[in-house]
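Participant: I'd like to ask some things about the structure below.
The values are calculated or read from the model by the stated rules, or taken from the named source; none is laboratory data. What you are looking at is a predicted structure, and each value in this text was computed from that prediction instead of being measured. Cβ: placed from backbone, ideal geometry, glycine included. Neighbour counts: every protein chain shown.
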Amino acid sequence: MLPSRCSKCAKLLIAAAIASAGPKAFVGMEMKGAVRGPEAKRSRSDVSDVARAAEAAEAAEAAEAAEAAGEGSEGKVVILGAGLQGAALAYYLTRRGVKPLIVEREKVAAAASGKGGGFLARDWGDSITRKLHTVSFQLHEELAEKLKIESYRKLPVLSVSPGKRSSRVPDLCEWLDGDIEDIRMMDPNGAQVAPLELCTKLIDAAVAEGAELLIGAAEGVETEADGDIERVTGVVVDGKVVPAEKVCVCLGPWAALAQDWFNMPVPMTGVKSSSIVYKSAEPVKPFAVFCGEDPRYGTHLEIYPRNSGEVYICGIGGSEYVDGTQLRRGELPPSDVKPDPARVKAATACFSEMSHKLGGEPDVVQACMRPCPPDALPIMGKVPHVRGAYISAGHNCWGILWAPVSGLAMSELILDGAASCVDLRHFSPARFARSGSAAAMRGRKMGAVPVGEQW
């Protein structure tokens, strides 16, 4: 991997902040501006000076919004990553007449976008993420019709408590014919999609409209001085510079690499989890199932039958955490993320007790890595001190649901200078330079209520 490209503008911002705040404000930061870890601490007054520096850079970017609207369709846009975030962005850019270059290290949907469950929930957002849920839920339905996505369907959601079955347990789900202690309706308005099909069809639709797909490893971003800030001039792919005027980093957990490329904090943890898939020769009645903790096996199973006859199961416990330092070193690319045999065995035993009809040995055993920022919110927006640089990553367990609205919002930001379909302010990449956001529980939630496995 090539050395990271240093941003002259970031150094200028840091120097200005040091002049007003003193060097203590930057304890724990390298001279090039990259935070060395979440343990780095700053005082409240120090943070406010860092925030002023970041906000000054953001103000300069905001002043160029009108200019961005005029030039967006002319400059070359490069998207790093062909997972769902990159695929959705490419799709919505091509709908506006822009023909981006998509750079992907391995293959389309190589990571979580090809191995996730695909559960969609319209009404599970909180005060910050509600519109991500509602807008994207509707966009999924529209995409399913337009792109002929066969795996998309509506389905109800059940809550199940593992344990000894009694005569009082209602027969809501015919294939949960084994031991469950309780079962109830949780949400009648869920939906699902197979993420691999969605991602593939988004990329195919974008390529059909002129987008290009390049298989190669992104190794850096080239910038040059442009007045008081810097601007993107290219991306480094397999050692060669590809000219670009705008670049969006959509690399999931590997978006941590942008910390070195843009000299700013991009805190990210990769949560590596296993999943199993059964294949039924007969149709499986459609219910998404969220199970409570089964202390015998250490699981919080999430069960998603698909209209293909597949039954996808995750929430099997024992997730491993890969910190940002490892990700920035390029460790654990998608093809190296392997399942945990012990957790596969536990999930198999747990599911087989609940479903005699479908249980047994799974047909597919796999693993992927979810991208989790410390505050459990996605990172979406402009890089404040580099003109033409954007990040859309860190969507945690909602990456499949939020992909359409994220792609649409980022296309609006790139082409118009601001997103109109949803407010991106809470998700700004600059928020970590401001405050070092506190860690949060990052599992799936229904509003503020944790549902299933938490991490």
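Participant: If you go through the stretch 399-432 one residue at a time, how many are at negative phi and not in a helix (DSSP H, G or I)?
Facilitator: Of the residues in that region, 10 qualify.
Participant: Next up: Would you mind stating whether Glu142 is closer than 29 Å to Ala255 by Cα and in the same structural domain as Arg105 (by TED's automatic domain parsing)?
Facilitator: No, not satisfied.
Participant: May I ask you to list pairs of residues, at least six apart or on different chains, whose Cβ atoms are under 7 Å apart, with the first in the stretch 335-358 being farther than 26 Å from Glu174 by Cβ and the second being part of a loop (DSSP other than H, G, I, E, B)?
Facilitator: Ser335/Glu106; Asp340/Gly318; Ala342/Gly318; Arg343/Ile316; Arg343/Gly317; Arg343/Gly318
Participant: Here's another thing I want to ask about it. Test Val271 against the criterion of being surrounded by fewer than 20 Cβ atoms within 10 Å (Cβ to Cβ), modelled with pLDDT of 95 or more and assigned to a strand (DSSP E or B), and give yes or no.
Facilitator: Values: surrounded by fewer than 20 Cβ atoms within 10 Å (Cβ to Cβ): no; modelled with pLDDT of 95 or more: yes; assigned to a strand (DSSP E or B): yes.
When the stated conditions are applied, Val271 does not pass them.
Participant: If you check Val247, Val241, Val232, Val236, which single one turns out to be in the same structural domain as Val78 (by TED's automatic domain parsing), within 19 Å of the chain's Cα centre (by Cα) and part of a strand (DSSP E or B)?
Facilitator: None of the other options fit; the residue is Val247.
Participant: When you check Pro404 against the structure, is it more than 25 Å from Tyr312 (Cβ to Cβ), under 16 Å from the mean Cα position of the chain (by Cα) and in the same structural domain as Trp254 (by TED's automatic domain parsing), yes or no? I'd like the intermediate steps shown before the answer.
Facilitator: Numbers: more than 25 Å from Tyr312 (Cβ to Cβ): no; under 16 Å from the mean Cα position of the chain (by Cα): yes; in the same structural domain as Trp254 (by TED's automatic domain parsing): yes.
Criteria not met by Pro404.
Participant: Only one residue in Ile203, Ile229 is among the β-branched types (Val, Ile, Thr) and at pLDDT below 95. Which one?
Facilitator: Ile229
Participant: Looking only at the stretch 312-329, which residues are surrounded by 14 or more Cβ atoms within 10 Å (Cβ to Cβ), not charged (D, E, K, R) and not in a helix (DSSP H, G or I)?
Facilitator: Tyr312, Ile313, Cys314, Gly315, Ile316, Gly317, Gly318, Ser319, Val322
Participant: So if I check each of Lys338, Lys382, which one is of a type in the set (D, E, K, R), surrounded by fewer than 21 Cβ atoms within 10 Å (Cβ to Cβ) and more than 23 Å from Trp124 (Cβ to Cβ)?
Facilitator: Result: Lys338 is the single residue among Lys338, Lys382 that is of a type in the set (D, E, K, R), surrounded by fewer than 21 Cβ atoms within 10 Å (Cβ to Cβ) and more than 23 Å from Trp124 (Cβ to Cβ).
Participant: Please work out which residue is modelled with the lowest pLDDT, limiting yourself to the stretch 274-311 and to residues that are assigned to a strand (DSSP E or B) and acidic (Asp, Glu).
Facilitator: Restricting attention to the stretch 274-311, the residues satisfying the condition of being assigned to a strand (DSSP E or B) are 274-279, 288-291, 294, 299, 302-305, 310-311.
Remaining after also requiring acidic (Asp, Glu): 294, 302, 310.
On the way: Asp294: 95, Glu302: 98, Glu310: 98.
Residue satisfying both the conditions and the ranking: Asp294.
Participant: So is Asp123 outside any loop (DSSP other than H, G, I, E, B), surrounded by fewer than 22 Cβ atoms within 10 Å (Cβ to Cβ) and either at pLDDT 95 or above or touching a Pro at 6+ places or on another chain (Cβ under 7 Å) (or both) or not? Even if it seems obvious, please write down each step before you answer.
Facilitator: Values: outside any loop (DSSP other than H, G, I, E, B): no; surrounded by fewer than 22 Cβ atoms within 10 Å (Cβ to Cβ): yes; either at pLDDT 95 or above or touching a Pro at 6+ places or on another chain (Cβ under 7 Å) (or both): yes.
The answer is no for Asp123.
Participant: Determine whether the stretch 126-140 contains at least one residue that is outside any helix (DSSP H, G or I), without any contact (Cβ under 8 Å) to a residue 24 or more places away in the chain and under 26 Å from Cys372 (Cβ atoms).
Facilitator: Yes: one or more hits.
Participant: A further question follows. Could you check how many residues of the stretch 385-398 are closer than 21 Å to Leu120 by Cα, in a loop (DSSP other than H, G, I, E, B) and of a type outside the set (Gly, Ala, Ser)?
Facilitator: Residues flagged as closer than 21 Å to Leu120 by Cα, in a loop (DSSP other than H, G, I, E, B) and of a type outside the set (Gly, Ala, Ser) within the stretch 385-398 amount to 1.
Participant: Here's a follow-up. Given Ala403, Ala418, which one is at pLDDT 95 or above and surrounded by 24 or more Cβ atoms within 10 Å (Cβ to Cβ)?
Facilitator: The conditions single out Ala403.
Participant: Continuing with this model, one more query. Assess whether Ala433 counts as being hydrophobic (A, V, I, L, M, F, W, C) and either surrounded by fewer than 22 Cβ atoms within 10 Å (Cβ to Cβ) or at pLDDT 95 or above (or both).
Facilitator: Taking the combined requirement at face value, the residue does not satisfy it.
Participant: Can I ask one more? Looking only at the stretch 212-229, which residues are within 22 Å of the chain's Cα centre (by Cα), of a type in the set (A, V, I, L, M) and either more than 29 Å from Leu327 (Cα to Cα) or surrounded by fewer than 24 Cβ atoms within 10 Å (Cβ to Cβ) (or both)?
Facilitator: Hits for the stretch 212-229 are Leu213, Leu214, Ile215, Ala217.
Participant: Taking the stretch 344-360 as the search range and keeping residues that are of a type outside the set (A, V, I, L, M, F, W, C) and either within 31 Å of the chain's Cα centre (by Cα) or assigned to a helix (DSSP H, G or I) (or both), which one is nearest to Ile180 (Cα to Cα)?
Facilitator: Among residues in the stretch 344-360 that are of a type outside the set (A, V, I, L, M, F, W, C) and either within 31 Å of the chain's Cα centre (by Cα) or assigned to a helix (DSSP H, G or I) (or both), the one nearest to Ile180 (Cα to Cα) is Glu353.
Participant: I've got another one for you. Please verify whether the stretch 280-294 includes one or more residues that are outside the structural domain of Phe427 (by TED's automatic domain parsing), closer than 30 Å to Glu104 by Cβ and touching a Leu at 6+ places or on another chain (Cβ under 8 Å).
Facilitator: Kept after step one, since they are outside the structural domain of Phe427 (by TED's automatic domain parsing), are these residues of the stretch 280-294: 280-294.
Adding the requirement that they be closer than 30 Å to Glu104 by Cβ leaves 288.
This time we only want the ones that are touching a Leu at 6+ places or on another chain (Cβ under 8 Å), so: 288.
Scanning the stretch 280-294, I find at least one residue that is outside the structural domain of Phe427 (by TED's automatic domain parsing), closer than 30 Å to Glu104 by Cβ and touching a Leu at 6+ places or on another chain (Cβ under 8 Å), so the answer is yes.
Participant: Okay, moving on. Being surrounded by fewer than 21 Cβ atoms within 10 Å (Cβ to Cβ) and either aromatic (Phe, Trp, Tyr) or touching a residue at least 60 places away in the same chain (Cβ under 8 Å) (or both) is the filter here; which residues of the stretch 173-190 pass it?
Facilitator: Of everything in the stretch 173-190, those that are surrounded by fewer than 21 Cβ atoms within 10 Å (Cβ to Cβ) and either aromatic (Phe, Trp, Tyr) or touching a residue at least 60 places away in the same chain (Cβ under 8 Å) (or both) turn out to be Glu174, Trp175, Asp177, Gly178, Asp179, Met186, Asp187, Asn189.
Participant: Also, I was wondering about something else. Scan the stretch 292-300 and give yes if some residue there is under 24 Å from Pro373 (Cα atoms) and buried (at least 22 other Cβ atoms within 10 Å of the Cβ), otherwise no.
Facilitator: Yes, the conditions are met somewhere in the stretch 292-300.
Participant: Here is a follow-up. Between Leu147, Leu120, Leu158, which is under 25 Å from Gly399 (Cβ atoms) and over 24 Å from the mean Cα position of the chain (by Cα)?
Facilitator: Within the list Leu147, Leu120, Leu158, the selection yields Leu158.
Participant: Checking Pro188 against (1) on the phi < 0 side of the Ramachandran plot; (2) not in a strand (DSSP E or B): exactly one of these is not met. Which one?
Facilitator: For Pro188, the exception is condition (2).
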